[in-house]
1. When the range 44-61 is examined, which residues are found to be more than 20 Å from residue 91 (Cα to Cα) and either at pLDDT 95 or above or open to solvent by less than 70 Å² (accessible area, probe 1.4 Å) (or both)?
2. When you check residue 85 against the structure, is it modelled with pLDDT of 95 or more and either touching a strand residue (DSSP E or B) at 6+ places or on another chain (Cβ under 9 Å) or in a strand (DSSP E or B) (or both), yes or no?
3. So for the range 144-158 (the condition being on the phi < 0 side of the Ramachandran plot and in contact with a His (Cβ under 9 Å, 6 or more places away or on another chain)), does at least one residue qualify?
4. Between residues in the range 69-94 that are free of Cβ contacts under 8 Å to residues at least 60 places away in the same chain and at positive phi and residues that are surrounded by fewer than 16 Cβ atoms within 10 Å (Cβ to Cβ) and among the β-branched types (Val, Ile, Thr), which pairs lie under 9 Å by C-beta distance while being six or more apart or on different chains?
5. Considering only residues that are closer than 30 Å to residue 230 by Cβ and not in a strand (DSSP E or B), look in the range 109-150 and name the one that is most open to solvent (accessible area, probe 1.4 Å).
6. Determine the pairs where a residue that is of a type in the set (Lys, Arg), located within the range 153-165, has a partner that is open to solvent by 50 Å² or more (accessible area, probe 1.4 Å) and not in a strand (DSSP E or B) with Cβ atoms under 9 Å apart, the partner being 6 or more residues away or on another chain.
7. Assuming residue 218 fulfils every condition listed in (1) closer than 30 Å to residue 61 by Cβ; (2) surrounded by 15 or more Cβ atoms within 10 Å (Cβ to Cβ) apart from one, which condition is it?
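The values are calculated or read from the model by the stated rules, or taken from the named source; none is laboratory data. Since this is a predicted model, take the numbers as computed values, not measurements. Heads up, the Cβs are rebuilt from the backbone with ideal geometry, glycines too, and the neighbour counts pull from every protein chain shown. What goes into the accessible areas is simple: the full protein's heavy atoms, side chains included, and nothing from ligands, DNA or RNA. Shrake-Rupley method; radii C 1.70, N 1.55, O 1.52, S 1.80 Å.
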Amino acid sequence: MAGRSGGILFLLLAVSVSDALAQAVPEPTPLYSGNFGGGLAITSGNSDTKNFNLTGAVVRDPKTKNVIKANVTHLRGDQNDLVNLDRTSFNVRDEYTLSGRTLVFGQLDYLRDTFKQIIFFWAPTGGVGYKLVNTTSTQLQVDGGAGGVMERNPGRPSNKTGSVTSGQRFSHKFSSSASFNQSLVSIWKTQDFSDSLTNFSASLTTTVVGNLQLKLEFLDSYKNKPANPALKKNDRAFVTAFVLKY
């Protein structure tokens, strides 16, 4: 009986120690996080319209000083079988924190916009940023840099020039299930400072159920010197999408 009781006590002790260790060791933080999704709107009647969007984002954060972020957006729409919107953009950004608030970055921007007559717009840049606000729930960051631009428009050869950039980014988490993000980024060509591209975005994201989220986003693209003077400088889009977070 003594041997059996001792074995039971040893087993209970082993289980207790195992549970304690499991609670003491936190789950590892995922190296990658992000989301992808899309939306579709179809109307019919006096006019038939169809609009859809695809969006995606990924963040590589090993919880050290280096963070890599990437995002992509594709918008397309047609009315009565005529395409009236066709735009693709993406950004890849690598940030390295020098101190608690100061960082350096390198990034690559791309834009293709049929109705702005932009076949491609590539802008590799690098620079310095500073976090004006840096808390768990709220971040406000400004940055500036320099690099290059390569742009091609219909009927013209590719144009290559230097560039100067400025950016501002704000994010706030209302709760674990709702957040707001906003950014304003401008690129000026050193060859002609009146030729600039400014992109503004503001989005509200909320959890629907589990990892499924609803994203409402406003996008504004302003090209100060369009390839064709007859084109409007400003293009705006309001995007609604369901995205899956991972």
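1. 45, 47, 49, 51 - these are the residues of the range 44-61 that are more than 20 Å from residue 91 (Cα to Cα) and either at pLDDT 95 or above or open to solvent by less than 70 Å² (accessible area, probe 1.4 Å) (or both).
2. Values: modelled with pLDDT of 95 or more: no; either touching a strand residue (DSSP E or B) at 6+ places or on another chain (Cβ under 9 Å) or in a strand (DSSP E or B) (or both): yes.
Criteria not met by residue 85.
3. Taking every residue of the range 144-158 in turn, none turns out to be on the phi < 0 side of the Ramachandran plot and in contact with a His (Cβ under 9 Å, 6 or more places away or on another chain).
4. 80/49
5. 115
6. Correct list of pairs: 160/191.
7. Here residue 218 clears every test but (2).
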